[in-house]
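Worksheet: one structure, shown below.
Every read-out reported here was derived from the displayed coordinates using simple, explicitly stated rules and does not represent laboratory data. Since the structure is predicted, the reported quantities are computational estimates derived from the model, not experimental observations. FYI the Cβ positions are ideal-geometry reconstructions off the backbone, even for glycines, and counts take in every protein chain you see.
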């Protein structure tokens, strides 16, 4: 068994799958990057072109809504429009070890290189430990020349934040991408860090729209987010009812 | 030393050991899967055909009732009856690392492939955090076409449960088995998660009996379970007595 | 850099270093095994014939009493008397990972095989969580035929103890040794588990004396142990004084 | 992707980069070694000749003051003066695993060997758990013949300290360097262990000045340290203000 397997679907990377831009939105703080990337995939109608399985992911399967399992994995989606071609990297998990993080990031970049990627956007959250009314979007770049454009699009490139650096795929794709001559921009939406945060995702999407010259509607993202919150609330209610029922055994 | 060693006994896999069905019951929540698989091995008189040792298991030996040690391992048992041929995968432990989980599951599947396995049943518990009077059996499949049969046999294929996916060998054998074209069904008996749970195991066995067209008696499993509970109680009593004796030194 | 390096000193394994018996006393519960093996090395005047370094040991150096450092390692000592030839395996640490435990144990056995080892004694403590006035010695074997001899020498081969198996080198050398056709006996002195326990070590040595037809004096071990306890007491006193001095700053 | 990559800049190791002495100051207790080594690099005007990237470092990027990221790495600086030639090993992190520590230390030593290094100074802190008015400098050597010189320079080579050995690169470079025939001296400044400690660093530098026949001004180091303390104080103040503002939402 290979440490990392990239299973290509019908379209061949480099010939049928060609894109200058890779957008990463793997799970992370507030799932901000994941929300944005998955929203873009739906809105643009991007198609899945590859699945990535790895011994560095948690050893588990995910159960879909029909009770069918599939291996925990990451996925590559492809969008080829008239004006833009994008690859999206999304998925269930990041690596479980430091070594796995590096080796997976390297594999993602190698796949990107085969598809002609020269610029990477990594999307994430920036946990501030408190509720944020109007989430700012922070930016970081892997090349000084990229800074002005990121600031012009509405992101704040701060000399103090995030203090601890950028951890995981969002950081490594920029750092390892630099060695491969790829431009890299990381956008981070401010978020409490306690909850899935679609409001932060909407803020981030607005900046990304400007950077990519797109006009994907963030209000739809917010609506989807509100639905999620309703579902979350229902789960909490169900939990409460079941606890109440359980208590009856003891009363 | 190999990372994983499968020590074959007398019978040759593929020629002398041939079975279309692999049943996994490794240790897990409530030891539900382990109880069912070991009960079936005893009832059917299956014989051990292979032992699996690995650097991914905990670094320890098990002491048997005569004070003789053996390396922590997993074992393959083989049953060849007139109507059914089964492989059973049971053992002391699962892997100690994410990587080990994947590599062991892959090794189990490769052994299964050599023996002609085309369908896998993985057995486990589904921890609900409270005592369950009448444990349900949940099912998950690695192929939508398997769902109807599992439901007909009395298992519930739920779109909500288990929420966190299936962790360890019970999940990976289905996920990695899918890539090898093997059908996979996971059965999970509801259990508190705090105790070894033979009642849940008996429920699970009833469903498996139906699925496999067998009639292994679950009451025997329940009797063995009651014996276990008695032994457990004795141990608790011994512990109490020894604590009482110890207290005397201080009185 | 090799994962495991066995640095041979002057004498060549297999020709100049030949012994049928390997005695392991690596650090463990109560340092019982370590105390016994190091005492035997001193009493018999065994000489160091090899050092083992490994990336699986903790990444640190030990400072000797002159301020000179040496890499954390394990060591092989050799004793060749008229009636007995022994290898001793002692050292600073056991492995830091499950995989490392297996690979190191395998390397120790391979070295033993080169030197003609056919029987292994592993020495350790058996933590019981309370002070023990007259520590029993428990035994476990990797071959049923060894049991009677171990019991005749005064060890108790129990069907219940230790319940959790034997963890680390003391267990793996027996388990992996079995596959190499080596006899293996583990002796465990009862000990609280909280302190270095020379009294338990002396009990263990008495059993080992009988098994090996030796007469190494355990009272010397107890004297050394008492010295250790005095040193320990001094350290505690120094600590108290330094704490008192520190408190003066705040008074 | 290699486990460890040493990216050489313009100057070729062994021909253009030649030095008998390697000085290590990686992050550690009180950042004492890091403060000293980075201060020496600035004062001597040493130039960066290599960067080391590794899957054994934490999976993250560091953001510089302009919002530009770079991969977490270690760095080699080179100083070639009339009387002295030094290599400096500094950087962001040490390894995240025991195995990584060994493999990185081995790679550092191999690079040193190519550059002609025959003596290594490793610099660190020695945590004592209390504030120290006049920090002593402890020394350890990998060869008894080095002890007298270290003591003459003002370091204390103690038979009791540090009791637990020396962990990480500072220890391994001495231990593994010994096998390569390299002299190794570890200097450790006493420090509380709770704070970055420039006062301890200044004490250490004085000893190192003597050992290397240098006269690098430690008062500058203390000034830089005071600036750091002011910055730290500002951060604490900002934190307080932001907490006060947050409280207003609830008042």
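Note on chain B: antiparallel DSSP beta bridges, both residues inside, total approximately 55 percent of the bridges counted.
Residue by residue through D:26-39, how many Cβ atoms from other chains fall within 10 Å of the Cβ on average? Provide the component values of the computation, followed by the final result.
Details: counts 0, 0, 0, 0, 0, 0, 0, 0, 0, 0, 0, 0, 0, 0.
Across D:26-39, the average partner-chain Cβ count within 10 Å equals 0.
Of all chain D C-beta atoms, the nearest to the rotation axis linking D with C is recorded, alongside its rounded Å distance, as D:97, 6. Please work out whether the stretch B:1-63 counts as rounded, prolate or oblate from its C-alpha gyration tensor, where a ≥ b ≥ c are the square roots of the eigenvalues and a/c under 1.5 means rounded, while otherwise a/b larger than b/c means prolate and anything else oblate? Verdict is oblate for the stretch B:1-63.
Relative contact order for the stretch A:163-226: 22 percent, from Cα pairs under 8 Å spaced at least 6 residues apart, divided by residue count. With the helix formula -39500 (n - 2.57) applied to DSSP H stretches of n ≥ 4, chain B reaches a computed 222 nm mean residue ellipticity of -12000 deg cm²/dmol.
Fewest-first ordering of A:231, D:40 by other beta carbons within 10 Å of each residue's beta carbon gives A:231, D:40. Using a simple spin-label model with pseudo-atoms 7 Å out from Cα toward Cβ, residue D:230 and residue D:214 lie 2.6 nm apart. In the stretch B:1-120, the DSSP beta bridges split such that about 75 percent are antiparallel, to the nearest 5.
Let me know the mean shielding of D:101-110 by other chains, meaning the per-residue number of their Cβ atoms within 10 Å of its Cβ. Kindly include the intermediate steps, with their values, before the conclusion.
Numbers: counts 4, 10, 4, 1, 3, 3, 1, 0, 1, 1.
Per residue, the average neighbour count from other chains is 3.
Highest mobility in the GNM of chain C, judged by mean-square fluctuation with C-alpha springs under 10 Å and restricted to C:145, C:175, C:189, is found for C:145. Inter-label distance, residue C:194 to residue C:47: 4.4 nm, where each label sits 7 Å from its Cα along the C-beta direction.
Given that compact globular proteins tend to follow 2.2 N^0.38 Å, what is the ratio of the alpha-carbon Rg of chain B to that value? Can you show the working numbers first?
Values: Rg = 19.0 Å, N = 251, 2.2 N^0.38 = 18.0 Å.
Compactness ratio reported: 1.06.
Where does helix D:98-114 land angle-wise versus the long Cα axis of chain D, in degrees 0 to 90, nearest 10? Compared with the principal axis, the helix lies near 50 degrees. Between the C-alpha center of the stretch B:32-59 and that of the stretch A:157-209 there is a gap of 47 Å.
Helix D:32-44 and the long axis of chain D differ in direction by around 70°, with both axes built from C-alpha atoms. The other copies place their residue A:233 label points at 5.0, 5.0, 7.0 nm from this one, listed shortest first, where each point is 7 Å from Cα along Cα→Cβ.
What percent does the relative contact order of chain D come to when contacts are Cα pairs within less than 8 Å and at least six residues apart? Could you put the intermediate results ahead of the total?
On the way: 485 pairs, mean separation 55.5, N = 251.
Taking the mean separation of contacting Cα pairs over the length of chain D, I get 22 percent.
How large is Rg over Rh for the stretch A:150-217, taking Rg from the Cα atoms and Rh as the Kirkwood inverse mean of 1/r across Cα pairs? With Rg and the Kirkwood Rh in hand, the quotient comes to 0.97. Each copy carries a label point for residue B:84 at 7 Å from Cα toward Cβ; from one copy, the others' points are 5.6, 5.6, 7.9 nm away, ordered from shortest.
Could you work out the Kirkwood radius for the stretch B:1-143, taking every pair of different alpha carbons, averaging 1/r and inverting it, reported in Å?
Numbers: mean 1/r = 0.0620 Å⁻¹.
Evaluated over the stretch B:1-143, this radius sits at 16.1 Å.
Between the Cα long axis of helix A:169-179 and the first principal axis of chain A there is an angle of about 10°, rounded to the nearest 10.
At q = 0.04, 0.05, 0.09, 0.10 Å⁻¹, what log₁₀ I(q)/I(0) does a Debye calculation on the Cα points of the protein assembly as shown give, no solvent, two decimals? The computed values of log10 I(q)/I(0) come out as -0.24, -0.39, -1.28, -1.46.
Applying a 10 Å radius around every beta-carbon, put A:25-31, B:134-140 in order of their mean neighbour count, most first.
Highest mean packing first, the order is A:25-31, B:134-140.
Using Cβ contacts closer than 10 Å as the measure, can you line up D:48, C:34 from fewest to most?
On the way: D:48 14, C:34 22.
By the 10 Å Cβ count, ascending: D:48, C:34.
Averaging the sequence gap over all C-alpha pairs within less than 8 Å and six or more residues apart, then dividing by the number of residues, gives the stretch B:75-176 a relative contact order of 27 percent. With r as the distance between the Cβ atoms of residue B:65 and residue B:93 and R0 = 22 Å, compute the FRET efficiency 1/(1 + (r/R0)^6) and round to 0.05. Efficiency, rounded to the nearest 0.05: 0.70.
Distances from residue D:114 to itself in the other copies, using label points 7 Å out along the Cα-Cβ axis, amount to 3.1, 3.1, 4.3 nm in increasing order.
In peptide D:157-166, what is the residue-averaged number of other protein chain Cβ atoms found within 10 Å of each Cβ?
Values: counts 4, 4, 5, 5, 2, 1, 2, 3, 10, 6.
Taking the mean over all residues of the peptide, I get 4.
The separation of the stretch B:90-146 from the stretch C:62-100, counted between C-alpha centres, amounts to 42 Å.
Quick one: divide the alpha-carbon radius of gyration of the stretch B:115-188 by 2.2 N^0.38 Å and tell me what you get. Provide the component values of the computation, followed by the final result.
Details: Rg = 12.5 Å, N = 74, 2.2 N^0.38 = 11.3 Å.
Rounded to two decimals, the normalised Rg is 1.11.
Based on other C-beta atoms within 10 Å, arrange B:200, C:54, C:118 from fewest to most. Walk me through the numbers on the way to the answer.
On the way: B:200 30, C:54 25, C:118 15.
Listing B:200, C:54, C:118 from fewest to most nearby Cβ atoms yields C:118, C:54, B:200.
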